[in-house]
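For reference, the structure discussed in these notes is given below.
The values are calculated or read from the model by the stated rules, or taken from the named source; none is laboratory data. This one's a predicted model, so the numbers in the text were calculated from it and none came from an experiment. For neighbour counting, all protein chains shown are included, and Cβ atoms are generated from backbone atoms with ideal geometry for every residue, glycine included.
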Amino acid sequence: MSGLGLSVLDLTPVPAGVEDARALHNTVELARTVERLGYARHWVAEHHNSPTMACPSPEVMVAAVAAATSRIRVGAGGVMLPNHSPLRVAEAFRVLEALHPGRIDLGIGRAPGTDGVTAYALRRGTDHVPFGQQFAELLAFANDGFPADHPFSRVRAEPAGVPLPPIWILGSSEHGAEFAASIGAGFAFARHLNPRGAVDVMRRYREGFTPGLVDTPRSILAVSAICADTHERAVELSWSMALGVIRLRSGASAPLEPPEIAEAHPYTEDEIDQVHRYRRAQVLGDPGEVAEELHGLVTETRADELMIMTMVHDHAEREHSYRLIAGAFGLDGDPGEP
């Protein structure tokens, strides 16, 4: 597995009893920690109207994280393009690239990152434009320009002379893989949303790839993982997000409960089934177990990079999980204080 990149996907979890503002500072602190440990990237997400996650504005968090670090690549994983003007996205990320040259990534997603009503509120007053057209406009504003007879022919994303950061297409199905392959972009697959489809979807991406934005296929496998000193503790920590997922699916999203409270929740038979299905999408265990399973996933999917998402209640436990995984993979960094 030499040359395998190891990175972080941070959804800025909000622990019960903690203010959302503290969760945002936790994301910045985590970025400093994983940079010291030797992780390659730290990406933040975009979700709206979700008390479980404080991540509605990825470009703002990218700016904050990039300013607080010095070497690690920082990016959006991702910007949900249907929620935004392509010109606005091009402008924001050219500014970020100008301020932090060579360190910014632009991950693009097609989903709203929220419920239907919130998506309507985000897009109110805007015309519905197909994703492919939005993406083409994004590139035109930043790179290619529009034809002379196009209404936007005189519009360019500022600041001038700054390239758009590397673009990654995000997806959890064959649609994202096929789009990424067709335009020759890097592809990041969300295994935490579709664990059974990872092998087939990433194979479709590689086989369908045609050179475009990059010359060769580049793939990231995003995996939900919790690593602890013991297998039993990792399972205990997973209860917080297990209950969080059940609440999210029922329309009652809430901050993450401590694991002991989440485990004691009076689950229905259907909810217990949901917990089992949630756990099947996770990688849980001690460092040896987690490393072995993650290496197996890389072998199966032929991913170039692993991006780890850890959703637990306690910030110190979250940092500890990333520290243990870094050690298990032999990252060349400073483990710092336990």
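Exactly one of these conditions fails for HIS100: (1) touching a helix residue (DSSP H, G or I) at 6+ places or on another chain (Cβ under 9 Å); (2) surrounded by 20 or more Cβ atoms within 10 Å (Cβ to Cβ). Give me its number. Tallying (1) touching a helix residue (DSSP H, G or I) at 6+ places or on another chain (Cβ under 9 Å); (2) surrounded by 20 or more Cβ atoms within 10 Å (Cβ to Cβ), HIS100 fails exactly one: (2). Cβ-Cβ distances below 9 Å connect the following pairs, each with a first residue in the range 242-268 that is over 19 Å from GLN282 (Cα atoms), a second residue that is surrounded by fewer than 17 Cβ atoms within 10 Å (Cβ to Cβ) and of a type in the set (A, V, I, L, M, F, W, C), and a separation of six or more residues or different chains: ALA254/ALA16; PRO255/ALA16; ILE261/ALA16.
Among the residues of the range 119-131, at least one is out of contact with any Asp or Glu (no Cβ under 6 Å at 6 or more places or on another chain), assigned to a helix (DSSP H, G or I), aromatic (Phe, Trp, Tyr) and free of Cβ contacts under 8 Å to residues at least 24 places away in the same chain.
Restricting ILE226, ILE220, ILE246 to those that are of a type outside the set (Ser, Thr, Tyr) and part of a helix (DSSP H, G or I) reduces the list to ILE246.
Name the residue, out of GLU91, GLU29, GLU46, that is touching a Cys at 6+ places or on another chain (Cβ under 7 Å) and either over 30 Å from GLU260 (Cβ atoms) or touching a residue at least 60 places away in the same chain (Cβ under 8 Å) (or both). Spell out the reasoning first.
Numbers: GLU91 fails: touching a Cys at 6+ places or on another chain (Cβ under 7 Å); GLU29 fails: touching a Cys at 6+ places or on another chain (Cβ under 7 Å).
Just a single option satisfies the conditions, and that option is GLU46.
Of everything listed in (1) among the small types (Gly, Ala, Ser); (2) crowded, with 17+ Cβ neighbours inside 10 Å; (3) in contact (Cβ under 8 Å) with a residue 40 or more places away in the chain, the single unmet condition for ALA111 is (3).
Scanning the range 190-212 for residues that are assigned to a loop (DSSP other than H, G, I, E, B), in contact with a strand residue (DSSP E or B) (Cβ under 6 Å, 6 or more places away or on another chain) and either among the basic types (Lys, Arg) or free of Cβ contacts under 8 Å to residues at least 60 places away in the same chain (or both) returns a single hit, ARG191. Scanning the range 184-217 for residues being crowded, with 18+ Cβ neighbours inside 10 Å and of a type in the set (A, V, I, L, M, F, W, C) gives a total of 9. Only one of the numbered conditions (1) surrounded by 22 or more Cβ atoms within 10 Å (Cβ to Cβ); (2) among the small types (Gly, Ala, Ser); (3) not in a helix (DSSP H, G or I) is not met by ALA254, and that is (1).
Checked against (1) under 29 Å from ASP200 (Cβ atoms); (2) surrounded by 15 or more Cβ atoms within 10 Å (Cβ to Cβ); (3) over 20 Å from the mean Cα position of the chain (by Cα); (4) of a type outside the set (Val, Ile, Thr), ALA262 passes all but condition (1).
Of the residues making up the range 9-62, those that are out of contact with any Lys or Arg (no Cβ under 7 Å at 6 or more places or on another chain), among the hydrophobic types (A, V, I, L, M, F, W, C) and not in a helix (DSSP H, G or I) number 11.
Please verify whether HIS295 is outside any loop (DSSP other than H, G, I, E, B) and surrounded by fewer than 19 Cβ atoms within 10 Å (Cβ to Cβ), treating the condition exactly as stated. Quick ask: steps written out before the conclusion?
Details: outside any loop (DSSP other than H, G, I, E, B): yes; surrounded by fewer than 19 Cβ atoms within 10 Å (Cβ to Cβ): yes.
So HIS295 fits the description; yes.
For ARG110, the test of being over 21 Å from ALA54 (Cβ atoms), at pLDDT 85 or above, among the basic types (Lys, Arg) and out of contact with any His (no Cβ under 7 Å at 6 or more places or on another chain) is passed. Give the range 144-170 a look and list any residue that's under 27 Å from MET202 (Cβ atoms), out of contact with any helix residue (DSSP H, G or I) (no Cβ under 6 Å at 6 or more places or on another chain) and not in a loop (DSSP other than H, G, I, E, B), or say none. Across the range 144-170, the qualifying residues are ILE167, TRP168, LEU170.
The residues of the range 91-114 that are assigned to a helix (DSSP H, G or I), in contact with a strand residue (DSSP E or B) (Cβ under 7 Å, 6 or more places away or on another chain) and acidic (Asp, Glu) amount to a single one, GLU97.
Taking VAL89, is it farther than 21 Å from GLN134 by Cβ, in contact with a helix residue (DSSP H, G or I) (Cβ under 8 Å, 6 or more places away or on another chain) and among the aliphatic types (A, V, I, L, M)? No: the conditions fail for VAL89.
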